[in-house]
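Asks: Please find one structure pasted underneath; my questions will follow.
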Amino acid sequence: MKNIIEMRGIVKRFGNFTANDHIDLLVREGEIHALLGENGAGKSTLMNILYGLYRQDAGEIYCKGKLAHIREPGDAMALNIGMVHQHFMLVQPFTVAENLILGKEPVRGLRLDMAAAKRRIRQVSEEYHFEIDPDARAADISVGMQQRVEILKILLMGAEILIFDEPTATLTPQEIQDFFEICRVLQRRGHTIIIITHKLKEISQISDRVTVIRSGKNIATVETSKVDEGRLAEMMVGRAVRLRPSKERREAGEVVLEMRDVHAKDPRGLPALRGLSLQVRSGEIVGIAGVEGNGQSEIAMVLKGLAPFSKGEVRYQGRSYGKGASVQRLIDSGVSHIPEDRQKSGLVLGMSIRENMILGMEDWARFKWGPFQKQKEITAFAEEMRTRYDIRCTGVGQEAQSLSGGNQQKVILAREIARDPQFMIVCQPTRGLDVGAIEYIHAQILEQRKRGCAILLISYELDEIMELSDRILTIYNGEITAEYQAGQVTSEQIGLAMAGFRAAERTGQDVPEKKAGDAV
């Protein structure tokens, strides 16, 4: 196959920081090419140059053998290059059709020809097996379907070369497989695909070749079928990486946290938890596996004291929460929380690392004397956490919003563990992180288990649940549908329970006991 894209000696600097350091990239026509690297390695910067969002400081780009001058996205689209970003850009109150025609509205005479637009959308949607409803509101469709709309948008604009930036970061396991099938359909129809990712497991499933980028440099381009995950991880990080966490066997202790027949509503006022019960013991990790939107967020909100519950009981260390608990009282009593969205709920992005590091602990005697903050003590604490957790930054005065995702997560982890928790609610601890950061964060979670902390792990990464948990609970429609001991269950069994099939007691079999009207 001939090269359809050639990027030669690409250099991009931001001040004194070199994001791309003389990178060469060759992409063959009709292939699925993965760009692999840690967060901050320069992958997205390189593709933003190809798409015209950035301009290179040095180097040349060739498209279909001809020198390309790409100064803005319009130049890229003129070369049939399209990009789907990690964070979708749909107008949520608009319908799918309204989103797809923005900026290129079809008219008939003096009127908007919406009927013609919908016909065209349905035609292309059917051609690529997208099954998109043009009349659905963007706010009402799943994340996976929103991604299809974004892909359809650039196809309607004539894209032949498609760039996907971290396309599976917010998808469920089922949606990931659907996305892979879409990629295969696109490839069969002659499209060339570049996928930016840091997920090793997915690379072997979908890509033909992979280019590894580390610290802004091209380390190697290899045939995917000729390299294993361990070698890719080593090239990506620059050292040997433990891909599977090492978890020693241990007996769980006393019950630390218990939920009994808890009912709660979601932010819209609709039922989210429907009589949910669970226990977490000291020195134990209990994993919650389920498709996103089945009550996981509400479990965390109730346990952290951020949302009330209407019925049931929650007990921590033998004491009842009541219908709601003070967040500060829970923090002071040893409850820590790693939220599922680190930027919205875990950090104040405009504040410094130093300030974020003591959130919830501002009034602790260690950091306050009378009405005054102990500034030297706070700085010393932040510096200690920075060193211990290898938070890569210019200093603890740096704003949290300027850190990479992995380093933002380390700030949250350092703060929550520094509280010496007896119970941790750990939500999506590695979402969007690279293999090096995942290895580190898994090790820290297991260290808390070792010292006797009770941990409730909520993750949409099934591999993460199976590798870290001592017990696995599956949730569907706000109810626990099954409970398994780690090592005694397959991913297929868990997948069925996640879809609403209840496990037969003690038999290890799965039997359909869904309620009438439940949708899978």
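Asks: When you scan segment 76-123, how many residues do you find that are touching a helix residue (DSSP H, G or I) at 6+ places or on another chain (Cβ under 7 Å), within 22 Å of I195 (Cα to Cα) and outside any loop (DSSP other than H, G, I, E, B)?
Replies: Here the count works out to 5.
Asks: Yes or no: R242 free of Cβ contacts under 8 Å to residues at least 12 places away in the same chain, farther than 28 Å from R13 by Cβ and not aliphatic (A, V, I, L, M)?
Replies: No; evaluated as a whole, the condition is false for this residue.
Asks: Please enumerate the residues belonging to segment 7-25 that are hydrophobic (A, V, I, L, M, F, W, C) and more than 23 Å from A233 (Cβ to Cβ).
Replies: Listed by number, the residues that qualify are M7, I10, V11, F14, F17.
Asks: Check N218 against each of (1) polar (S, T, N, Q); (2) within 22 Å of Q86 (Cβ to Cβ); (3) part of a helix (DSSP H, G or I) and name the one condition it does not meet.
Replies: (3)
Asks: So which residues in segment 73-123 are on the phi > 0 side of the Ramachandran plot and of a type in the set (S, T, N, Q), if there are any at all?
Replies: Of everything in segment 73-123, just one residue is on the phi > 0 side of the Ramachandran plot and of a type in the set (S, T, N, Q), namely N80.
Asks: If only one of E60, E98 is touching a residue at least 24 places away in the same chain (Cβ under 8 Å) and acidic (D, E), which one is it?
Replies: Only one candidate passes the filter, namely E60.
Asks: Could you tell me which of the residues I417, I425, I358 is over 23 Å from E166 (Cβ atoms), in a strand (DSSP E or B) and in contact (Cβ under 8 Å) with a residue 24 or more places away in the chain?
Replies: I425
Asks: Another one. Cβ-Cβ below 7 Å, separation at least six or inter-chain, first residue in segment 329-344 and assigned by TED's automatic domain parsing to the domain that holds K304 and at positive phi, second crowded, with 17+ Cβ neighbours inside 10 Å and part of a strand (DSSP E or B): which pairs?
Replies: G334/F423
Asks: Do we have G230 as in a loop (DSSP other than H, G, I, E, B), free of Cβ contacts under 8 Å to residues at least 24 places away in the same chain, within 23 Å of the chain's Cα centre (by Cα) and surrounded by fewer than 19 Cβ atoms within 10 Å (Cβ to Cβ) here?
Replies: no
Asks: If we scan segment 470-485, do we find a residue that is closer than 28 Å to E166 by Cβ, crowded, with 19+ Cβ neighbours inside 10 Å and aliphatic (A, V, I, L, M)?
Replies: yes
Asks: Same structure again: State which residue is farthest from A418 (Cα to Cα) when the search covers only segment 275-310 and only residues that are within 27 Å of the chain's Cα centre (by Cα), assigned to a strand (DSSP E or B) and of a type outside the set (G, A, S).
Replies: Restricting to residues being within 27 Å of the chain's Cα centre (by Cα), assigned to a strand (DSSP E or B) and of a type outside the set (G, A, S), the top hit is L276.
Asks: Determine whether segment 112-130 contains at least one residue that is crowded, with 18+ Cβ neighbours inside 10 Å, closer than 18 Å to I151 by Cβ, without any contact (Cβ under 8 Å) to a residue 60 or more places away in the chain and among the aromatic types (F, W, Y).
Replies: Taking every residue of segment 112-130 in turn, at least one turns out to be crowded, with 18+ Cβ neighbours inside 10 Å, closer than 18 Å to I151 by Cβ, without any contact (Cβ under 8 Å) to a residue 60 or more places away in the chain and among the aromatic types (F, W, Y).
Asks: Select from segment 311-330 the residues that are exposed (fewer than 15 other Cβ atoms within 10 Å of the Cβ), at pLDDT 85 or above and assigned to a loop (DSSP other than H, G, I, E, B) and list them in ascending order.
Replies: Across segment 311-330, the qualifying residue is only G318.
Asks: Among what's in segment 331-357 and is surrounded by 16 or more Cβ atoms within 10 Å (Cβ to Cβ) and basic (K, R), pick the residue that is modelled with the lowest pLDDT.
Replies: Taking the candidates together, the pick is R342.
Asks: Among R249, R260, which is the only one that is free of Cβ contacts under 8 Å to residues at least 60 places away in the same chain, assigned to a strand (DSSP E or B), closer than 24 Å to D470 by Cβ and not assigned by TED's automatic domain parsing to the domain that holds E175?
Replies: On inspection, the qualifying residue turns out to be R260.
Asks: Among (1) surrounded by 14 or more Cβ atoms within 10 Å (Cβ to Cβ); (2) under 27 Å from A499 (Cβ atoms), there is one condition R184 misses while meeting the rest; what is its number?
Replies: R184 satisfies every listed condition except (1).
The values are calculated or read from the model by the stated rules, or taken from the named source; none is laboratory data. Predicted model, so just to flag it, every value in this text is computed and none were measured. Cβ sites come from the backbone with ideal geometry, for glycine too, and all protein chains shown count toward neighbours.
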